[in-house]
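Engineer: So that we are looking at the same thing, I have put the structure below in structure tokens.
The values are calculated or read from the model by the stated rules, or taken from the named source; none is laboratory data. Just so you know, these numbers come straight off a predicted model, no measurement behind them. Quick reminder, even Gly has a Cβ in these numbers, built from the backbone with ideal geometry, and neighbours come from all protein chains shown.
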Amino acid sequence: MAKYLMLKHYRGAPEAVNNVPMDQWAPEELSAHIQYMNDFAARLEQSGEYIDSQALAPEGEWVRFDGKGLPPVTDGPFPETKDLIAGWMIIDVDNHARALELAGELSAAPGAGGEPLHEWLELRPFLSDSPQRTE
Amino acid sequence: MLRDLVPQVLSALIHRGADFAAAEDAVQEALLEAIRRWPHEPPNDAKGWLTAVAWNKFLDAARSDTARRRREDTVHAEPCAPPAPASDDTLQLYLLCAHPALSSSSAVALTLRAVGGLTTGQIAQAYLVPERTMAQRISRAKRKLVGARFTDPGGVATVLKVLYLIFNEGYSGDVDLVAEAIRLTRQVARHANHPEVLGLLALMLLTAARRPARATPDGSLIPLVDQDRTAWDSELIDEGTTVLQHALAREQLGEYQAQAAIAALHADAPTTQETDWTQIVEWYDELVSITHSPVARLNRALALGHAKSPEAGLAELRALPDSLPRHAAAAAYLQERRGDLAEAARLYAQAAIRASNLAERNYLMHQASRLNTCLD
């Protein structure tokens with residue numbers, strides 16, 4: 001088994017094919033999209049491949065240590081150019097091919113006009129705990 | 001209910017000389033044993049059974065502790081404890097679990113376990129944290145309470161705050177934290193003679209009454225104004241209203257009673273149009289003067305939008321910082337009522353981006369999309 005992170009971006013990813021802002025979709029298109037996402041997660045739970053998913057708020061800030069006894073330094077809000085993660089889903093699958101297949105399905109979630117978004121998702125393998133055995 | 005006995009059993013152990021932390025562990029173990037054994041061998045005297053088993057667990061733990069540390073313990077010297085006194089320290093236990101020295105997340109966890117009788121696993125699941133993290137949170141909280149005197153309370157207000165947090169912030173798992181918060185608040189109401197306890201109980205009952213109408217089957221939010229009021233639980237409304245009347249009769253107004261009064265006015269109205277918005281605004285005035293909370297002022301602005309005019313509500317909103325949660329959503333709602341659909345759509349989309357949870361974001365995005373579709 002191998003764990004993968006599927007990352008969704010608010011910005012920073014290449015533009016989706018069906019790229020219409022969400023507030024311009026018809027209400028039933030929004031509902032269909034939300035339903036698709038819920039069904040997708042439920043299906044992966046059923047198949048035993050689902051680990052976790054979370055959504056992130058679009059705002060945030062940079063933070064770093066500024067020396068002993070000093071409060072951390074912050075910098076924000078993020079500039080318009082920053083790559084911005086919207087959320088993720090973690091899956092545990094047999095192999096890379098299955099991870100690709102699932103990421104493809106998630107990217108096909110319906111958007112404006114009921115057409116697939118063709119949204120670009122970032123697929124990242126986890127570093128595994130146990131070293132691979134070589135023979 | 002088995003878990004209703006937990007505070008009494010816990011206080012019985014403490015009266016026999018066990019310290020709070022060890023007694024709490026022993027009661028938790030006795031509960032787990034009860035869950036295992038009672039289905040096959042139901043006890044004649046549930047409280048007596050739990051107390052005896054918990055006391056034995058406590059003695060076992062104290063003995064092995066003593067042996068490990070190779071020193072004498074007073075407990076070791078007197079294994080035959082006197083029977084538990086009849087006095088019931090339930091309220092003191094609640095006060096201890098809500099001790100001001102604890103962070104609110106620790107107080108919530110400790111309350112659910114020590115007086116609620118939930119397992120660490122159930123609490124962890126409800127708040128979506130790993131079980132080990134929750135176990136640490138609870139044992140750290142108990143360590144913090146060492147030396148805190150059993151009879152040194154932080155006041156009933158701290159207990160109410162913790163119970164309200166449990167009511168509002170349950171997430172998932174197989175435990176219904178709304179029902180659990182109501183059960184615990186009822187228990188506190190039996191032991192504390194304070195109108196705000198009744199106020200909180202009334203608020204919980206009246207809010208819980210709307211639960212069947214608050215979401216569609218797929219989990220989408222339905223706001224108060226759009227809810228099917230025939231789906232509201234009329235038994236909970238009746239009980240909540242009665243409890244509130246008892247509280248208000250004491251003439252010591254507090255924030256929970258004021259909020260419950262607002263909930264009762266909504267519960268009493270067959271539709272949004274027939275709601276007594278003028279009285280609701282007056283109750284918000286009371287609430288604002290008690291709490292000075294900007295969130296209460298924001299809700300007052302919305303009520304004023306109904307009682308007087310959307311413009312009046314918007315004027316109130318402009319006096320509040322737009323960084324307030326739900327500020328854009330409230331402005332959007334009032335703009336739509338005013339008839340400025342384009343501005344309302346823009347504000348709904350902005351509110352969706354700022355929403356702090358997914359269900360709210362989806363709802364607000366839907367409003368933006370609905371209005372944009374009308375405008376096209």
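Engineer: Looking at A:VAL93, is it touching a helix residue (DSSP H, G or I) at 6+ places or on another chain (Cβ under 6 Å) and either surrounded by fewer than 14 Cβ atoms within 10 Å (Cβ to Cβ) or within 30 Å of B:GLN125 (Cβ to Cβ) (or both)?
Structural biologist: Answer is yes for this residue.
Engineer: If you scan the stretch B:281-296, which residues turn out to be more than 11 Å from B:ALA258 (Cα to Cα) and hydroxyl-bearing (Ser, Thr, Tyr)?
Structural biologist: Result: B:SER293, single match.
Engineer: I've got another one for you. Go through the stretch B:127-144 residue by residue and tally those that are surrounded by 15 or more Cβ atoms within 10 Å (Cβ to Cβ) and touching a helix residue (DSSP H, G or I) at 6+ places or on another chain (Cβ under 6 Å).
Structural biologist: 6
Engineer: With respect to B:THR241, determine if the residue is touching a helix residue (DSSP H, G or I) at 6+ places or on another chain (Cβ under 7 Å) and either within 22 Å of B:THR185 (Cβ to Cβ) or assigned to a helix (DSSP H, G or I) (or both).
Structural biologist: So B:THR241 passes the test.
Engineer: Output the residues belonging to the stretch B:328-354 that are free of Cβ contacts under 8 Å to residues at least 24 places away in the same chain and in contact with a helix residue (DSSP H, G or I) (Cβ under 6 Å, 6 or more places away or on another chain).
Structural biologist: B:ALA331, B:GLU343, B:LEU347, B:TYR348, B:ALA349, B:GLN350, B:ALA352
Engineer: Within the group B:ARG354, B:ARG326, B:ARG318, B:ARG346, which residue is over 30 Å from the mean Cα position of the chain (by Cα) and under 30 Å from A:VAL20 (Cα atoms)?
Structural biologist: B:ARG346
Engineer: Show me the helices (runs of 4 or more DSSP H) found entirely inside the stretch B:289-367 where at least 2 residues are within 14 Å of chain A (Cβ to nearest Cβ) and at pLDDT below 95.
Structural biologist: Correct list: B:341-354.
Engineer: Can you work out which of the residues in the stretch A:24-70 that are small (Gly, Ala, Ser) and more than 14 Å from chain B (Cβ to nearest Cβ) is surrounded by the fewest Cβ atoms within 10 Å (Cβ to Cβ)?
Structural biologist: A:GLY69
Engineer: Can you pull out the strands (runs of 3 or more DSSP E) entirely within the stretch A:1-115 that have at least 1 residues that are farther than 24 Å from B:PRO217 by Cα and among the basic types (Lys, Arg)?
Structural biologist: A:2-11, A:62-64
Engineer: Also, quick follow-up: When you go through (1) at pLDDT 95 or above; (2) exposed (fewer than 14 other Cβ atoms within 10 Å of the Cβ) one by one for A:LYS8, which number turns out not to apply?
Structural biologist: For A:LYS8, the failing item is (2).
Engineer: Here's another thing I want to ask about it. Do the conditions hold for B:LEU221, that is, is it within 24 Å of B:SER356 (Cα to Cα) and in the same structural domain as B:LEU347 (by TED's automatic domain parsing)?
Structural biologist: No.
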